[in-house]
Structures are given as structure tokens and as C-alpha cells.
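Structure, as C-alpha cells:
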Amino acid sequence: MTTSKGPEPGYRLLLHAYPRIWRRSRGEELLAVLLAAAEDAGRRRPSPADAVDLIGHGLAARGRALIGPFPAVLRHRVATLSLAGGAAMAAVCLACGELPASPGLEQPLPYASLTTFGPFLTLGAVLYLAWLAVAALTVAGTLRPSRVSGAVLVALGGGVTASSLAARPHPIAAPPVYLPAFLTALSLLVCVGRVDLSRGGRWLLAAGSTGLAAAFGVVAMFRGGSNRWDDRVDPRLIFYRSWQEGLQLISQMAWVLPLVALVVAALVTRVRPGWFTATLVATSPWLLFTLLFTLLFIDGGMRADGRLPALAVAVLGTVAALGGLAYRAGVHAGRRADPGSVAHLNGPTG
Amino acid sequence: MRQPSFLVLAALAGGCQHGYGLMQSIRAGVEGGGGIQAGTLYAALDRLADEGLVRVAGEETVDGRPRRYYELTDEGASALAEETERLDRRVRWAQEGLAGRRRAAGATGPTRSTGAAGAARSAGGVGWGGATT
């Protein structure tokens, strides 16, 4: 690297740690700063400190590039919407599935003889209570959810999902697999940004999660009361303990909720750009949930475990399609809301 | 708020600057602190621009290379004021603790002091929870 050309070749080599798109827009600017600093210090080659600094931040920039072009404001909205949706789901699961059956009523077979988890029916209560605690403390303004609290929810969700998978086919005190898996997907989205703690953000969080929980609760009771199960069975538990019923309920709701949310977001985004993209990303797990149900029960209610490879391909394809759509929408929204935040996607300037 | 973010916001408080100007301002402002590396500076600028706390104020070409000027946004000025107030509270808390320690040492010799934690309890405490920009 020590040549008659000075430190420039060495710095250019180190700048390759950054993603190509970053180098195209900012590389020459950063190089000029590095060369000016080297000239002032009388250096003819990059210092070890420079090398460590550029490689470290370059690799971090590559990591950020994986997240996509979403400006911070969009990521914060996704986190807020995901926390509201997850809290609503946790509230419904706790109320419908984790509390003991009403006096005089039984649990649906074959779950009547299950072991319990403390005062609750399954290990899932830990996960639901954690979600509700994070949401309640956020609305109260006590907690500022960060990637740390999001990571705790991801770890808890992953742990409960693994426990549920390990429990099959023997019944133990574990919730249906798809519920902790769904909440884990939502908690990953909570991690992508900071939950909005402004007055409007907290209002959205409280009203959104309460409304969602109420809608789920009403439909769960309705479905539980009109099912084919024995009248002696607690209707709340049909939703939770009969995984087909619960999956069907969520998948039916999941068609409607994102559509309503997207229509509202499409109107709001004309005034406050970015809400449509944020809603699209935050509701994608709900749409995937519907797809999962459709593929699993495509034979009229029969489970289709043999279709899992096709199911995996379909889910991954949907994720990729939604991701691509959200990426393009994110770039568009970013250009409208905050042109500077996506300037690095506009190609070289100056 | 991370230290590089705070330093960049503080350096921009006096007016818009380009990248190398920022490095020099920070080196001059942080006496004995060693300044900030160029990679760290641009990571902080990316982060702050993403949060809407700084923006590009202008651009020119010098010796064939682009030079961008950065400035604080109103949100950036608010965030800097908030962080400065938070740091000021912590400095006062530490100073009260040190003053209590000196008083205790002067009055009774080498006795156990309540230190900064005791001073914080008597003053109502200082909370955690800064932003992570």
C-alpha cells in the first residue's frame, strides 16, 4: 500500500468493506476526508486504527443494507403496528385459552386430561404475559421498547415454539405451535424500529390492540358457541385447544384485518407518507398466516403434512414477493417523506 | 444517544460543516479525547440522517471530489438540547456525590461515604432511559 501515489490506493481498498451502493454515493466524499486527515497527520498509508474503523463500519453498513431502504420513521411505524397486533393476539390467547374452564364446563377432548402450567393451562401464558407487559408499559410511558425488549420477545417466542414442537404428538402443557410462531414473527418486526411513544403513537397502540383483541374475542366466542362440540365444553377453549378451529378463525380474520388496515393506511398515507408501506410490512405475517392455513387445509379440513415442502416453497415465495413489493414501496415512500434518507439509492451524485 | 452522534450534533450546532470540518471541530472540542475516526463519523451521519436529525445542506466539488455540507434539523437541535440536559443532570449528580465524599472525609477522616448513590437518593434519583440514536 505504500506507493508514490500516497495512501489513496490503501484507502480505496479498505472502502470495499462498504456495500457497492454506498460507495457509489458516499465513497468519494469519505475518501476525500480520509486523504485530508492523512495529509494533515503526515501519513503515507492508512493507519491500523483507520483500517479497523473502516472495515468495522463498512461491514455494519452491509448489515444495514440487508434491512432495506426503509427510513427510520417507517421502521418505527412497523414496530408500533406489530406491537399492537401482537398484544391483541396475546390478550385473546390468554383470555380464551389459558384460563381454566368455566365452572360446570369441560375442556374439549382430547385436551381434558392435560397437565397444566401453574395457574394457567400451558407454557404459552408466559409469552402472552410478556407481550401484554411490554404493551402496557409502553402505553403507560414507562418503557421505551427497543431491540433489547424485542429480542426478549423473540427469544421467548422461539423457546415456546420449540417446546410446542418438541411436545408433539404427546400432549403436554404447550400451546398450539402456530400461535407462538406467529407471535415470534411479529416480535421480529418489533425489533426493526423503536415503538412510537408520541401521544398519537400511544393512542394508536392502545386503541389498535384493544380493538383487535375485542374483534377476535367476539368472533372467537361466536365460533366457539356455534361449533360442533358438545354443549358441555367451554366455548372459549374451542378457539385455543382445538388448533384447527383457532387456525381457521385467525386465517379468516387475517384476510379482513390487513385489507381494512391497508385501505385506511392508503388514505392516511396521502397526508402522512409512509403509513401504507408500514402497514403492508406489519400485516404481512397475518397474510402469511392465511396462506399457511389454506395450504394446510386444502383438502377440506384434512391436515396435509405431506405437502410441507410445497408449503415451504409457497411461503418463501410469498415472503420474497411481499418483501420485493415492500422494498419498492419503501423506496417510493422514503423519496416522498424524506428524500435525504434514501439518497444513497439514487445513484452517484455530484 | 451514542457518543459519536452527540459529538456530531454538538459540532453542527454552530452551523453547517463538511465532513473533514466536522472531524476538526470535534477534535478541537474534545480536548484530549482524540477526536473521531472518519468511518465512525460517516456511520453517525448516516444514522442521524436516517433519524431526521441532520440533513445535507449543500454540495460542491473540490479538487474533483464531492464535498457535502451537513446541518442540524429542528429535531436535531431538540435532541441535542435534550441530551445535553440529561448529561448535565448526571454531571451534577456525580458532583454532589464527590462533594459529599469530600465533606465526609474532612469531618471524620476515612469513614464510609454514601457517595454518589446516596446523593442521588437524597436528590430524588436520576433515571435511565436515554435515546439510542
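The values are calculated or read from the model by the stated rules, or taken from the named source; none is laboratory data. Since we're looking at a predicted model, the values are computed, not measured. Cβ sites come from the backbone with ideal geometry, for glycine too, and all protein chains shown count toward neighbours. Ligands, DNA and RNA are stripped out before the accessible areas are found, and what is left, the full protein with its side chains, is counted by its heavy atoms. Shrake-Rupley method; radii C 1.70, N 1.55, O 1.52, S 1.80 Å.
Output the residue which, of all residues in the stretch A:182-210 that are farther than 14 Å from A:C93 by Cβ and without any contact (Cβ under 8 Å) to a residue 40 or more places away in the chain, is most open to solvent (accessible area, probe 1.4 Å).
Result: A:R199.
Kindly provide the set of residues from the stretch A:149-168 that are within 16 Å of A:L137 (Cβ to Cβ) and open to solvent by less than 30 Å² (accessible area, probe 1.4 Å), ordered by number.
A:S149, A:G150, A:L153, listed by residue number.
Of the residues A:G118, A:G68, A:G27, which is surrounded by fewer than 22 Cβ atoms within 10 Å (Cβ to Cβ) and at pLDDT 80 or above?
None of the other options fit; the residue is A:G27.
Can you tell me which residue in the stretch B:21-39 is farthest from the chain's Cα centre (by Cα), limited to those that are within 10 Å of chain A (Cβ to nearest Cβ) and surrounded by fewer than 21 Cβ atoms within 10 Å (Cβ to Cβ)?
That would be B:G21.
Of these, B:G97, B:G15, which one is away from chain A (no Cβ under 14 Å), out of contact with any Lys or Arg (no Cβ under 8 Å at 6 or more places or on another chain) and within 22 Å of A:A37 (Cβ to Cβ)?
B:G15
For the subset of the stretch B:46-55 comprising residues that are within 7 Å of chain A (Cβ to nearest Cβ) and in contact with a Gly (Cβ under 6 Å, 6 or more places away or on another chain), which member is most open to solvent (accessible area, probe 1.4 Å)?
Among those that are within 7 Å of chain A (Cβ to nearest Cβ) and in contact with a Gly (Cβ under 6 Å, 6 or more places away or on another chain), it is B:R55.
If B:E59 passes every condition in (1) modelled with pLDDT under 85; (2) facing another protein chain (nearest Cβ under 9 Å) but one, which one does it miss?
It fails just one condition, (1).
Going by what's in this entry, would B:R103 be described as away from chain A (no Cβ under 13 Å), loosely packed, with under 13 Cβ neighbours inside 10 Å and either modelled with pLDDT of 85 or more or closer than 30 Å to A:E29 by Cα (or both)?
On the way: away from chain A (no Cβ under 13 Å): yes; loosely packed, with under 13 Cβ neighbours inside 10 Å: yes; either modelled with pLDDT of 85 or more or closer than 30 Å to A:E29 by Cα (or both): yes.
In short, yes.
With respect to A:V148, is the statement that it is touching a helix residue (DSSP H, G or I) at 6+ places or on another chain (Cβ under 9 Å) and at pLDDT 70 or above true? Step through it out loud before you land on a result.
On the way: touching a helix residue (DSSP H, G or I) at 6+ places or on another chain (Cβ under 9 Å): no; at pLDDT 70 or above: yes.
Judged against the criteria, A:V148 is not a match.
Looking only at residues that are closer than 19 Å to A:L35 by Cα and either in contact with a strand residue (DSSP E or B) (Cβ under 9 Å, 6 or more places away or on another chain) or open to solvent by less than 20 Å² (accessible area, probe 1.4 Å) (or both) in the stretch B:63-76, which one is farthest from the other protein chains (Cβ to nearest Cβ)? If you could, list the steps in order and put the result at the bottom.
Narrowing the stretch B:63-76 to residues closer than 19 Å to A:L35 by Cα: B:63-69.
If we keep only those that are either in contact with a strand residue (DSSP E or B) (Cβ under 9 Å, 6 or more places away or on another chain) or open to solvent by less than 20 Å² (accessible area, probe 1.4 Å) (or both) too, we end up with B:66-69.
On the way: B:P66: 4, B:R67: 7, B:R68: 6, B:Y69: 11 Å.
Per the criteria, the residue is B:Y69.
State whether one or more residues within the stretch A:33-50 are modelled with pLDDT under 85, in contact with a helix residue (DSSP H, G or I) (Cβ under 6 Å, 6 or more places away or on another chain) and more than 10 Å from chain B (Cβ to nearest Cβ).
no
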